[in-house]
1. Report the full-extension gain for the segment residue 93 to residue 121: residue separation times 0.36 nm, less the Cα-Cα distance, to one decimal in nm.
2. Order these peptides, 104-113, 197-206, by their mean beta-carbon neighbour count within 10 angstrom, highest first.
3. Order these peptides, 158-164, 73-79, by their mean beta-carbon neighbour count within 10 angstrom, highest first.
4. 7 Å from Cα along Cα→Cβ at both residue 196 and residue 55: what's the point-to-point distance in nm?
5. At 7 Å along Cα-to-Cβ for each site, give me the label-to-label distance between residue 76 and residue 138 in nm.
């Protein structure tokens, strides 16, 4: 072997050793970087501070009464379609609102039942399912259905209550945020308990004067 070939052989050998050495040094660190890059991050949500539950009576100039959380307030519906005793139960700290629409029944209860079913069914496109729960309190003549709407529907709970002869009221809960089950489910579950309490304490006044008074107030 001549001197040039021998020198070339030595250079190749040294470079080979260096490459092997560098691969042992660099590969572990590259592996660490890759792990940090592709490792899935745990999903995080904002910490919610939910208010303490405490209920107070709501008894206005309408033919019904019920208990509401003390962290809410009731306002008259000011939309152009609003009728007497159409109310909004506001949840300011939770960015939500329960719409309540009341109707006097004059032999036309089927119309309101059909409207309620159609409005709840509109959410089936985004809903993962709709569960119906019966309300039946003979002692107070309060009957109805609660619709619990799963998935990313705009309204997560709706209901109607009636005495079947004179009164009909419908409720629908909405939040002022894009519907996302994962992010708002704790708030929805929290407010559901308030709605169930409201329904549990709901009573009809059976007082026609209260409706006439409400109509007079709305005309002013």
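Just so you know, all these numbers are worked out from the coordinates, no wet-lab data involved. Given the structure is predicted, the values throughout are model-derived calculations rather than measurements. Backbone-built Cβ (ideal geometry, glycine too); neighbour counts: all protein chains shown.
1. 7.2 nm
2. Descending mean neighbour count gives 197-206, 104-113.
3. 158-164, 73-79
4. A separation of 1.1 nm, rounded to one decimal place.
5. 3.9
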